[in-house]
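Below is one structure, written out as structure tokens, with a few remarks after it.
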Amino acid sequence: MALPDVKQELTAARLDANAVPESGAWLAAARADAVARVQSMGLPTKRDEYWKYTDPTTLTSAQAPEAAVFEASDEAPLYDTIDRLRVVFVDGVFDAEASDDLTLEGVTIERLSDAGRADIHWAKDLYGVLETKGQIPVERPLAALNTALATDGLLIHVTGTPTKPISMIYRHKDASSDAVLHHVVKVEAGASVTILENGPAAARFNKCMEIDVADTGAFHHIRAQGRDHERRAVTHMFGRLGTESVFKSFTLTANGVLTRNEVVLELTGDDAQAHVAGAALGDGAFHHDDTVFITHDAVNCESRQVFKKVLRNGAVGVFQGKILVQPDAQKTDGYQISQSLLLDDDSQFLAKPELEIYADDVACSHGSTSGAIDEDALFYLRSRGVPKGRAEDLLVLSFLAEAIDEIEDADIAADILGRLEAWLERRRG
Amino acid sequence: MLEIKNLHVKLEEEDKQILKGVNLSLEAGKVHAIMGPNGSGKSTLSYVLSGKDGYEVTDGEVHLLGEDVLDMEPEERAAAGLFLAFQYPVEIPGVGNMTFLRTAVNAQRKQRGEEELSAGDFLKVVREKAKTLKIDADMLKRPVNVGFSGGEKKRNEILQMAMLEPKMCILDETDSGLDVDAMKLVSEGVNALRDAGRTFLVITHYQRLLDHIKPDVVHIMADGKIIKSGGPELALEVENNGYADILAEVA
């Protein structure tokens, strides 16, 4: 079916705005495929069902809308006390001077812009491959656009258990930057890795990560999306999980005028475990969308989706979460919760929880709630002498606790909690 | 300590008068008890004194150590020395009991212009006080009141009271939901805090609690007023004959 004219024009204009980077044979082929996918799907508009609650106009426009750079405060950078391998991108451009040497035992790390010049590379079997699989049954054209246009990224091959996390730091310095990064993570059998991400990245950021976790492998991911008020981001994670593998991802989002985080996972091996969690804090011009699609395709797997959003002054939160249980995926344990804490009457939370189950021996539960601060709890705290503002903060943290509990590493969880508390304190003034 | 004069209170949302002229004068170092049938306004009195929303004071005054309480926010009343032990303590998931206690203690100290307690000093004090109430380390670590039994919740209220060292303590049906052993433990905790500079207002349905926490004065409340006051023997009279005689007597 031919695309509507509006879509064709929009898609052509966006593809024209950025040249497809020059690459070696394997990557050039993947990019050409991706361009063809983008052209046949067309970029999304707000009339698409999957974008009903989030207007993609500023994510698909040829030019990125400007975004002022957030004034750095005097607080310590996130993860400052965590021993980690730092990889810094400034407005999407690798910063060799600010980055550590990319060598770490148990893992090989290469840059896409280097490895992509070769004619053949292991990443050929994953780059754009998991993304392509993730286009069914719902199209995700902005991910295909990423595969076509990504200027850089990391190709991470995990063969052992590195002693420290790999930390990607995304700095934003140029008010009109438009960054496209694409990472591939391949975790071998029995191997384990922790990936940290933080920072606003650019005025507009399109990021894709494809993750293949082999049998008994483990992938841990903790992300903090930058606080620049005007930044826009669309991110995709495509994961494929083998037998007895573990996938755990947590995202903290504070500020940002527009964020759409999509997570698409397929549990292909028995006894695999996938946890995806998010805590979002929005005040004013803030639109935050978590879109998650988890497919159970094997026996006795567990998946959890825990998403919490705190919204005020007209902030908007969106959750579209789905658990799809295929006919053979017996003994599936699926859990999904999405909740918002609305601190005033102007904010809104739009949730579309979905379960689609074809197996007959499964345990799946889901829930979605929106509510205000619990007045009884607030009075209880105040009656003990805790001032109203601080009492409200404690109740916000109480609300977010279930999501934060998904972070396994205690030091990283403490760091994330510290960041949250600082955000709340600044809001209180 | 606490002077309540002609206190009239109605519900904010509906035109229903709950307190119809309460007068009470609570001296320093004394234990006063309030008994009364259901719906007489006992819990409303405790909420109005501690500053809960939803009530409108239509007449009367309340002074704590000479200060007008009714104009204060709940946290200011707490810092001024008022404490309410809740009938139904609230569960707060995700906030550790210890964090909560320390936040409360330091918030009050800050409001009074005192120096905040260091983590080390605080820990020392809290461990010691928790021990006498048989509150173990696990209960201190767990989220506030979450998964606590009825007895644990009430013991936790008394621990908060012990840590905050208020001058005026209101106990709202602290005996409800307690077995005999728990009541004894809670009462011992309260009695340990009895002091010449501290006043208690114990609200209860039953004389039983007053066997453990011996009151100096007993008041009977009915239909929003104190209808009779007397010594501890008044509680016994209620226990034996119910409220009917007293109600008939004043009617």
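The values are calculated or read from the model by the stated rules, or taken from the named source; none is laboratory data. Quick caveat, the model's predicted, so the values are computed rather than measured. With ideal geometry, Cβ positions are generated from the backbone for all residues, glycine too; neighbour counts draw on all protein chains shown.
What number of residues in the stretch A:375-429 are β-branched (Val, Ile, Thr) and touching a Gly at 6+ places or on another chain (Cβ under 9 Å)?
Selection size over the stretch A:375-429: 1.
Quick check on my filter: what residues within the stretch A:374-384 are in contact with a strand residue (DSSP E or B) (Cβ under 9 Å, 6 or more places away or on another chain) and either surrounded by fewer than 23 Cβ atoms within 10 Å (Cβ to Cβ) or assigned to a loop (DSSP other than H, G, I, E, B) (or both)?
Once the filter is applied, which keeps residues that are in contact with a strand residue (DSSP E or B) (Cβ under 9 Å, 6 or more places away or on another chain) and either surrounded by fewer than 23 Cβ atoms within 10 Å (Cβ to Cβ) or assigned to a loop (DSSP other than H, G, I, E, B) (or both), the stretch A:374-384 yields A:Asp374, A:Ala377, A:Arg384.
Within the stretch A:55-66, is there a residue that is surrounded by 15 or more Cβ atoms within 10 Å (Cβ to Cβ), over 30 Å from A:Gly317 (Cβ atoms), within 23 Å of the chain's Cα centre (by Cα) and in contact (Cβ under 8 Å) with a residue 40 or more places away in the chain?
Scanning the stretch A:55-66 turns up no residue that is surrounded by 15 or more Cβ atoms within 10 Å (Cβ to Cβ), over 30 Å from A:Gly317 (Cβ atoms), within 23 Å of the chain's Cα centre (by Cα) and in contact (Cβ under 8 Å) with a residue 40 or more places away in the chain.
Which residues, taken from the stretch A:240-257, are under 17 Å from the mean Cα position of the chain (by Cα) and either closer than 17 Å to A:Arg419 by Cβ or among the hydroxyl-bearing types (Ser, Thr, Tyr) (or both)?
A:Ser249, A:Phe250, A:Thr251, A:Leu252, A:Thr253, A:Ala254, A:Asn255, A:Gly256
Report every pair of residues separated by at least 6 positions or lying on different chains whose Cβ atoms are under 7 Å apart, first residue within the stretch A:70-81 and at pLDDT 70 or above, second part of a loop (DSSP other than H, G, I, E, B) and surrounded by 10 or more Cβ atoms within 10 Å (Cβ to Cβ).
A:Phe70/A:Pro200; A:Phe70/A:Arg227; A:Phe70/A:Asp228; A:Phe70/A:His229
Within the stretch A:231-245, count every residue that is in a loop (DSSP other than H, G, I, E, B), surrounded by fewer than 24 Cβ atoms within 10 Å (Cβ to Cβ) and on the phi < 0 side of the Ramachandran plot.
Total meeting the criteria: 2.
Pairs, please: C-beta under 7 Å, at least 6 apart or cross-chain, first residue touching a residue at least 40 places away in the same chain (Cβ under 8 Å) and in the stretch B:98-118, second part of a loop (DSSP other than H, G, I, E, B)?
B:Ala104/A:Arg384; B:Ala104/A:Gly385; B:Ala104/A:Val386; B:Val105/B:Leu117; B:Gln108/A:Gly385
Cβ-Cβ under 6 Å, sequence separation 6+ or interchain: first residue in the stretch A:363-386 and more than 23 Å from A:Asp346 (Cα to Cα), partner of a type in the set (Asp, Glu). Which pairs?
Partner pairs satisfying both residue conditions: A:Ala363/A:Asp333; A:Arg382/B:Glu75; A:Gly385/B:Glu75.
Given the conditions (1) within 11 Å of chain A (Cβ to nearest Cβ); (2) touching a helix residue (DSSP H, G or I) at 6+ places or on another chain (Cβ under 8 Å), report the number of the one that B:Val146 does not fulfil.
All conditions pass for B:Val146, except number (2).
Looking at the stretch B:165-180 only, could you name the residues that are buried (at least 19 other Cβ atoms within 10 Å of the Cβ) and within 14 Å of chain A (Cβ to nearest Cβ)?
Those that are buried (at least 19 other Cβ atoms within 10 Å of the Cβ) and within 14 Å of chain A (Cβ to nearest Cβ): B:Pro166, B:Met168, B:Cys169, B:Ile170, B:Leu171, B:Asp172.
Being facing another protein chain (nearest Cβ under 8 Å) and within 30 Å of B:Ile4 (Cβ to Cβ) is the filter here, so list the residues in the stretch B:93-102 that pass it.
B:Phe100, the sole residue that qualifies.
I'd like the full set of residues that are more than 24 Å from A:Asp119 (Cβ to Cβ) and either buried (at least 16 other Cβ atoms within 10 Å of the Cβ) or in contact with a Gly (Cβ under 9 Å, 6 or more places away or on another chain) (or both), limited to the stretch A:28-44.
A:Val38, A:Gln39, A:Met41, A:Gly42, A:Leu43, A:Pro44
Could you check how many residues of the stretch A:388-418 are assigned to a helix (DSSP H, G or I), surrounded by fewer than 19 Cβ atoms within 10 Å (Cβ to Cβ) and away from chain B (no Cβ under 14 Å)?
1
Of the residues in the stretch B:65-85, how many are within 15 Å of B:Cys169 (Cα to Cα) and either free of Cβ contacts under 8 Å to residues at least 12 places away in the same chain or away from every other protein chain (no Cβ under 14 Å) (or both)?
1
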